[in-house]
1. How high is the relative contact order of segment A:10-53, given as a whole-number percent (alpha carbon pairs under 8 Å, six or more residues apart)?
2. Work out the mean other chain Cβ neighbour count within 10 Å for the residues of B:133-144 and drop it here as an integer.
3. Taking R0 as 30 Å, what's the FRET efficiency between residue A:332 and residue B:294 from their Cβ-Cβ distance, rounded to 0.05?
4. Semi-axes, largest first, in whole Å: what does sqrt of 5 times each Cα gyration tensor eigenvalue give for segment A:176-310?
5. Per q in 0.13 1/Å, what log10 I(q)/I(0) does a Debye calculation on the alpha-carbon atoms of segment B:264-324 return?
6. Does segment B:10-53 come out rounded, prolate or oblate by the C-alpha gyration tensor, with a ≥ b ≥ c the root eigenvalues, rounded set by a/c under 1.5 and, if not, prolate when a/b is larger than b/c and oblate if not?
7. Listing A:199, B:344, A:305 from the residue with the fewest other Cβ atoms within 10 Å to the one with the most, what is the order?
8. Counting each DSSP H run of 4 or more residues in chain A as -39500 (n - 2.57), what helix-only mean residue ellipticity at 222 nm follows after dividing by all residues, to the nearest 500 deg cm²/dmol?
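A short reminder: the numbers here are calculations on the coordinates, not readings from a lab. If you're wondering where the values come from, they're calculated on a predicted model, not measured in any experiment. So basically every Cβ, Gly included, is an ideal-geometry build from the backbone, and we count neighbours across all protein chains shown.
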């Protein structure tokens, strides 16, 4: 750690191996036309001197433009997927000097067909993308396209959730089961074991409840059963579009169950429930929610939501694109399964997470 | 975001401005000898085309070796400062191609004189370091050396804590007051407002209680008073070296106060207390602690410690060195005050923080 790095030049290696610099260069860049014996000799010298190729220099000198496509749901302003898009943009900007372009394709998150259309468009584009990052919300459709990409040798990265049967270059996302389990622990740190708890979810017309939300719910239930809690759970179903209907549903639910002490919701839209709790002054209800949306943070700051559990969507997307640059440009191995930390956010620590640039 | 970046060449800018490429180059690198009018004209074109200089290429071409010194306490294996040193090493490795060397100087964290000696050695080394990263544990001594560095125009970065009167290039660390406040909130989410709480601290021979630990304690007390808690607090003083003495002290404390329900310690060595609680089966005592040391994590995993509050020491050091490379090599502005997130760790989410490479 304390010595000045000595830059080792290709011609020094060539001299040591008794071959030409061109031969060393061919071995370094795996361009063939070198005998196995010479290859072994050069490799031994490279290992001995702990040679590290300067991928920066060769990438900067290269004229190759890399096109990485990203397939994600439509970005509502202030919504979850906008944070993902910000991460894509940050990675693209950082890799500007290496001629990386990120092309974003959107789909309707409630429509598997829309996802398929976006994937078709990606695979039909010219030039063929070098790699594809996708949020695999729908497993059967995802499997169709991961198979196609594998046939065409296009590496792909999953973010948000993953399909276990596929073989991505990498996955960046949360362990959803564990994040649901932790949600229950945090809620019951504020509620008693016997309290009545309301769990809210959005009505899903296609019965295609996303993998992630279903797993969080399972994790929550698993905490309750593992700890033998005798809490009572009531369910509330929200509409994605009709806020008036949501208000009447919640009014009815809390009127019929005045003893509700806790509330949980496993999608990113905790603010729909928190807004109701605040408006109707249900201060005695402890609430937990997921994801660092501006609209959720507002209710965390005023303590309507006690705990938010976050999963760094911006970082998932950023790291997903960076995985491609590690693979293609810097020739490094990328770990395949990368769980993001399950961040616990409260009134007290939220501002430091918002300040973090990365 | 969707267009292929067109690389703009200096000769294109020169043509547009009606000057030579050499003149554009002089403006880009601020080398003078160009009339104000020409400068303005070229600057206008650069702004118009949103020109971004390729600092990678010029840094790689440069023969300048950067020597960044780091002044931190001695690293005990598995201790807090070892994590800091890992961050320094990671930054050095990442910046290898840019000829960056990180030289680490250690001092005895219980001796202000030892800190001063390390700083003297840094400032007397040849060549003079380009920049210095330091953990300013002792304010008066720190002020002496920050003044010297300012006189010699050596930029410096604080990690861990900061001295407000100094003017570092950047600071990376925790808001210690707030982390103490949050510690209290988490402890009282498991204890009742009227419980008896034990607070442990290490005996400090020089009465030089570090700024950070003192602030965490203040934050803890501020939570108690703001929420009008009527808890009773008892204090235990630990020895840094004599573990037998610590055991007798804790035996006595818990015997005299069998109604202690909670425990807190504001230094990184929660494991000293947690080990006692586990050995003597004081399962009814809820404990919170600080910092992601292996020895603390062991007790978090088996739930002897309910919550650990962490501050990413590895990342502080990494970002501190990266701040120098941003400043010197990539010519970017670095924000001066950078609070790290106050991470809340539990049995349930710890493994994902340990998995994070950064």
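1. Rounded, it is 36 percent for segment A:10-53.
2. On the way: counts 0, 0, 0, 0, 0, 0, 0, 0, 0, 0, 0, 0.
Partner-chain Cβ atoms within 10 Å, mean over residues of B:133-144: 0.
3. Details: r = 27 Å, r/R0 = 0.89.
Rounded to the nearest 0.05, the efficiency is 0.65.
4. Values: eigenvalues 77, 63, 47 Å².
Semi-axis lengths for segment A:176-310 are 20, 18, 15 Å.
5. Reported log10 I(q)/I(0), two decimals: -0.37.
6. Numbers: a/c = 1.34, a/b = 1.29, b/c = 1.04.
Rounded.
7. Values: A:199 17, B:344 24, A:305 28.
Ascending Cβ contact count within 10 Å gives the list A:199, B:344, A:305.
8. Details: 14 runs with 160 residues, N = 358.
Roughly -13500 deg cm²/dmol at 222 nm, from the helical runs in chain A.
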